[in-house]
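Colleague: The structure's right below; bear with me while I get my questions together.
What follows is calculated from the coordinates using simple rules that are stated; it is not laboratory data. Source: prediction; values computed, not measured. Virtual Cβ from ideal backbone geometry, glycine too; neighbours counted across all protein chains shown.
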Amino acid sequence: MPSTGADPKAVPTELESGSAGTDRATSQAGTVAAPGRGFSGQGPRPRGVPAWVWALPPVAVLALVFLYPLALVVQQSFTTDSGDVSLAPYGDVFASEAFRSALGTTVWLALGATAGCLVLGFALALVIAFVPFPGGKAVAKFIDVFLSFPSFLITLALLFVYGSVGMANGMWTGVTGASEGPFDFLTTPWGVLLAEITYFTPFVMRPLLAAFSQIDTSQLEVASSLGARTGRIVRQVILPEALPALAAGGSLVLVLCLNEFGIVLFTGAKGVTTLPMLVYSKAILESDYPAACVVAVVNVAISVGLYGIYRVVSRRAGA
Amino acid sequence: MLVHSRAGRWATWAGFLLLFVPLFAVPLLVIVAASFSTNWSGVFPSGPTVANYGAAVRGESLQALTTSLVTAVAASVFALLFGSWAALAAAALRKRGKRALDALFMLPVAVPSVVVGLAVLVAFSRPPFLLNGTPWIVVLAHTVLVTAFAHQSVSAAIVRLDPVYEQAAASLGARPAYVLWRVRLPLLLPSLNAAAGLCFALSMGELSATMMLYPPDWMPLPVQIFTATDRGSLFTGSAVAVVLMGTTLLVLLAVSRLRTRASFR
């Protein structure tokens, strides 16, 4: 077997290429650098570079535009203004009240929004999938369109709905004759929570709808003919099937909520500061780059850790 | 069918509408309604006008629209190029290498976009790469953010690809480059198309990283919407937002028409 390169990893062993064709991993392994490896017995084998060489250019580009900048952020987070390497920036940031409250706000907002999205998304997906109505397809399409819009539009819309002179307050003053309405939560964390739940619920509904379409409806019919009520069917038949999709969607939403910036920026509230908002205000408004880099490193550590869990969970779920 | 009684079904649907309409339909409708009005102090907006659109397609806003379009197209092209290259290269690797490459290219999704913006700003404001103040820094940040989605969608399609076609081509003596160009890429065209639409939509609406690094003469639409609403001109901001949504939808529609054509070929 002529070796195509120095790296033995890139070359399938004789044994593997012998069983080729049906084995997807093997046929994939032979496709870019040397197609036809599956037919090891036939014809002259093209002498190409090993497969891993083809992976180098995109990895090099990614390293230049993403990994190198991230490394610089980490390096800067350990550098004081005078240029010494020390842990002082971390000490300063961790000691500051602004950072602690931002960390707390970020975590509880993300957890709250995730819980809300899971409950709401499960309920809505349940109706679309199992209590079908005319126009259900259109609703599913609408959700796809919703996902392609930027998040800050939701906050902009909420300003008109619940703002100080918006729809809800206008309705209240029109009906009761009061001078101002009771809705005044947009500049509090609750406004951010509402916007995040609205924007991220479709991210939970999509995998759920996919999972629900796999459930055999005859299972539900059997359960109900055996006398199970709706609540019990949902709990004991549908929920176990939906758990992987719920876990995958929920952890994705958790990461996205931790990283959300547009919604918080458009809220424009001084009282709501999350970690991404703190990075922005330290770097752009205060030009305090070391502190911004420290907050950024903390935010990345939390998000990437959670994202790793998401990858594991969604691979188990097969999503 | 989960609910069998007629009354129960209607109650369920009513509950669905009660949740769905205020949460998802009303926000988008409200923006459209606000873009056509001058004042909103009651249940419904008042002072119907199209003047907001006059402001939204002229001067600064028009420039922001072209800025966004150019940025989104450039970022999508680069993202498709590198994302699908990486996906094709990953498919040729063994299991562990493929997993590592996939994880590497999905990493930008997990990193907050604000931090991507900060990192790009820090890295490209110093020699040897001085891009700060040029449009390229915005394009670069958008490319970093959307490449992951191009990579994900193309590598999902590669897994579903039937290896018979390329094996047949190769057994007939086609060279690897020929197989890639004439067999694999045409088969991947629908998913490349979908990835292009996704990348474009994401880049059009990108705000977080852009806020960190946009130069004053390269201000994309989302930033324009933010500065308008921050000044208090909510109604002009809504008109610009409708222009943003409309442009995104038009391009997505055009891309999906192309896709059905491609899959019929």
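Colleague: Region A:54-169: D in µm²/s via Stokes-Einstein (Kirkwood Rh, Cα pairs, 10 °C, 1.306 mPa s)?
Modeller: 80
Colleague: OK, next. For region B:6-51, restrict the atom set to alpha-carbon positions and state the Rg and Dmax in Å.
Modeller: When restricted to the Cα atoms of region B:6-51, Rg and Dmax are 15.2, 49 Å.
Colleague: Taking each full run of DSSP H in chain B as one helix, which ones are at least 18 Å long along their axis (Cα atoms) and have mean Kyte-Doolittle hydropathy of at least 0.5?
Modeller: What comes out of the filter, once short or polar helices are dropped, is B:6-20, B:59-91, B:135-160, B:185-204, B:234-264.
Colleague: Averaged over A:142-150, how many beta carbons belonging to a partner chain fall within 10 Å of each residue's beta carbon?
Modeller: 6
Colleague: Mind jotting down the distance between the C-alpha centroids of region A:205-244 and region A:281-313, whole Å?
Modeller: 39
Colleague: Over the alpha-carbon set of region A:88-317, work out the extent along each principal axis and list the three values in angstrom, largest first.
Modeller: 66, 54, 28
Colleague: Hey, another quick one. Could you list the residues of region B:160-191 with an amide nitrogen less than 19 Å from a label point located 7 Å from the Cα of B:LEU81 in the Cα-to-C-beta direction?
Modeller: Only B:181, B:185-186, B:189 fall inside the zone, counting backbone N under 19 Å.
Colleague: Further, regarding this structure: What translational D, rounded to a whole number of µm²/s, comes out for chain B from Stokes-Einstein when the hydrodynamic radius is the Kirkwood one over Cα pairs, at 37 °C and 0.692 mPa s?
Modeller: 153
Colleague: How many partner chain Cβ atoms sit within 10 Å of a residue's Cβ in peptide A:255-267, on average, as a whole number?
Modeller: Neighbouring Cβ atoms belonging to other protein chains average 4 per residue here.
Colleague: Of the candidates B:ALA89, B:ALA157, B:ALA25, which one comes out as most mobile in a Gaussian network treatment of chain B with C-alpha springs shorter than 10 Å?
Modeller: Answer for the Gaussian network model of chain B: B:ALA25.
Colleague: I would also like to ask the following. Taking every residue in B:101-111, how many Cβ atoms of other protein chains lie within 10 Å of its Cβ, on average? All intermediate terms of the calculation are to be shown ahead of the outcome.
Modeller: Working: counts 5, 1, 3, 7, 4, 2, 7, 4, 8, 15, 11.
The shielding value for this peptide is 6.
Colleague: What FRET efficiency comes out for the pair B:ALA14/B:SER233, r = Cβ-Cβ distance, R0 = 35 Å, nearest 0.05?
Modeller: 0.35
Colleague: Taking the Cβ-Cβ separation of A:LEU239 and A:LEU147 as r and a Förster radius of 22 Å, what is the calculated FRET efficiency to the nearest 0.05? Could you put the intermediate results ahead of the total?
Modeller: Working: r = 25 Å, r/R0 = 1.11.
It comes to 0.35.
Colleague: Mind checking the dipole of the protein assembly as shown: about its Cα centre, +1 per Lys or Arg Cβ, -1 per Asp or Glu Cβ, Debye to the nearest 20?
Modeller: Charge dipole, the protein assembly as shown, about its Cα centre: 2020 debye, nearest 20.
Colleague: With viscosity set to 0.692 mPa s at 37 °C, what whole-number translational diffusion coefficient in µm²/s follows for the protein assembly as shown from Stokes-Einstein and a Kirkwood radius over Cα pairs?
Modeller: On the way: Rh = 26.0 Å.
In µm²/s, the coefficient rounds to 126.
Colleague: Name the most mobile residue of B:ALA86, B:ALA103, B:ALA141, meaning the one with the largest mean-square fluctuation, in a Gaussian network model of chain B with Cα contacts below 10 Å.
Modeller: So, out of B:ALA86, B:ALA103, B:ALA141, the one fluctuating most is B:ALA103.
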